[in-house]
Amino acid sequence: MAIKVGVIGAAGRMGSAVCEAVGSDSETTLFAAIDEHGVGEEISNSGILISNEFSDLEGADVAVDFTVASSSRNNLRRVASMGIHAVVGTTGLTESDYRELRDSFTDSNCLIAANFAISAVLMMRFSEIAAPFFENVEIIEYHHNSKVDAPSGTALNTAERIGAVSSSWKEDPTQKDFLGSSRGGTTEDGISIHSVRMEGMVAHQDVIFGTTGQTLTIRQDSYDRSSFMPGVLLAVKRINDYQGVTIGLEAFLDL
């Protein structure tokens with residue numbers, strides 16, 4: 001029997017891509033499309049109309065949330081209360097949110113991932129492996145010019161994972177910064193992150209490591225939102241097997 005999927009944020013760019021991917025996969029079926037925008041519009045070739053009635057999720061197996069953090073917090077409480085599994089691509093959730101979600105998801109499971117592109121998950125894992133062998137690291141993330149937050153969740157997650165395996169970074173030698181922010185933002189672990197917002201881009205990231213006489217650049221590119229869909233579908237199909245709240249798609253890839 002196909003997995004019944006409800007999409008929250010269905011009218012957005014990521015949400016509409018999820019609707020299309022779910023409807024095109026033989027193991028999943030689009031059950032509901034929830035959004036405060038586009039109410040009454042039909043999701044292409046599905047017969048499903050966008051609704052702003054959260055109760056339309058009743059009966060779904062999995063809810064996929066691609067909204068914003070302020071909305072997602074309330075959405076996920078309601079999804080948990082309905083006993084529906086959740087797959088979450090919304091960024092900006094905090095450790096405090098994670099603790100609350102762990103208390104909420106007792107009858108169903110929840111996955112929260114900063115990035116569903118499998119290449120991005122591998123990029124973060126490769127960065128963890130490389131980090132102990134280098135003395136410097138900087139992250140440059142590039143996104144479309146409609147992205148409202150910076151740095152990206154993927155960049156922050158990458159920095160956190162690098163910092164967890166290595167904290168011995170050489171100090172920034174910069175003494176004069178004529179623009180006041182030329183060196184980007186710096187995490188508590190001393191890792192600089194630079195954010196680019198530009199027309200024509202989707203989601204891209206460089207992790208640049210350096211040590212004596214050599215550098216290593218690990219780069220990931222998502223040229224289209226379709227790049228995230230294999231990871232979303234993987235999560236939808238495997239969420240039933242992962243008890244409670246899981247952070248990061250890598251757990252589902254056995255990395």
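Data for the structure
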quantity	calculated
Top-ranked residue of the stretch 205-224 - restricted to ones that are touching a Lys or Arg at 6+ places or on another chain (Cβ under 9 Å) and surrounded by 20 or more Cβ atoms within 10 Å (Cβ to Cβ), ranked as farthest from ASP61 (Cα to Cα)	VAL207
Residue list for the stretch 72-98, restricted to those being over 17 Å from the mean Cα position of the chain (by Cα) and part of a helix (DSSP H, G or I)	ASN74, ARG77, ARG78, VAL79, ALA80, SER81, SER96
Candidates ASN136, ASN145, filtered to the one that is assigned by TED's automatic domain parsing to the domain that holds ARG161, touching a Gly at 6+ places or on another chain (Cβ under 6 Å) and either more than 30 Å from GLU53 (Cα to Cα) or touching a residue at least 40 places away in the same chain (Cβ under 8 Å) (or both)	ASN136
Of all residues in the stretch 130-158 being polar (S, T, N, Q) and at pLDDT below 95, the one that is nearest to the chain's Cα centre (by Cα)	THR154
Residue pairs meeting the criteria (Cβ under 8 Å; at least 6 apart or on separate chains; first on the phi > 0 side of the Ramachandran plot, in the stretch 39-54; second surrounded by fewer than 16 Cβ atoms within 10 Å (Cβ to Cβ))	GLY40/LEU49
Subset of the stretch 230-255 that is loosely packed, with under 12 Cβ neighbours inside 10 Å and out of contact with any helix residue (DSSP H, G or I) (no Cβ under 9 Å at 6 or more places or on another chain) - its residue that is modelled with the highest pLDDT	GLN243
The stretch 125-149: number of residues that are of a type in the set (A, V, I, L, M), surrounded by 12 or more Cβ atoms within 10 Å (Cβ to Cβ) and over 12 Å from SER195 (Cβ atoms)	3
Those residues of the stretch 48-71 which are of a type in the set (Val, Ile, Thr), outside any loop (DSSP other than H, G, I, E, B) and out of contact with any Asp or Glu (no Cβ under 6 Å at 6 or more places or on another chain), in sequence order	VAL62, VAL64
Residues of the stretch 131-146 that turn out to be part of a helix (DSSP H, G or I) and not hydrophobic (A, V, I, L, M, F, W, C), as a count	1
Residues satisfying the stated conditions in the stretch 74-127, i.e. in contact (Cβ under 8 Å) with a residue 40 or more places away in the chain, of a type in the set (Lys, Arg) and farther than 14 Å from ALA251 by Cβ	ARG102
Test: residue in the stretch 27-39 that is assigned by TED's automatic domain parsing to the domain that holds GLY244, of a type in the set (A, V, I, L, M, F, W, C), within 19 Å of VAL245 (Cβ to Cβ) and out of contact with any Cys (no Cβ under 6 Å at 6 or more places or on another chain)	no
Answer from SER152, SER195, SER227 - the residue that is in contact with a Pro (Cβ under 8 Å, 6 or more places away or on another chain), surrounded by 14 or more Cβ atoms within 10 Å (Cβ to Cβ) and either free of Cβ contacts under 8 Å to residues at least 24 places away in the same chain or of a type outside the set (D, E, K, R) (or both)	SER195
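The values are calculated or read from the model by the stated rules, or taken from the named source; none is laboratory data. This is a predicted model, so every value here is computed, not measured. Cβ coordinates were reconstructed from backbone atoms using ideal geometry, including for glycine residues, and neighbour counts include every protein chain displayed.
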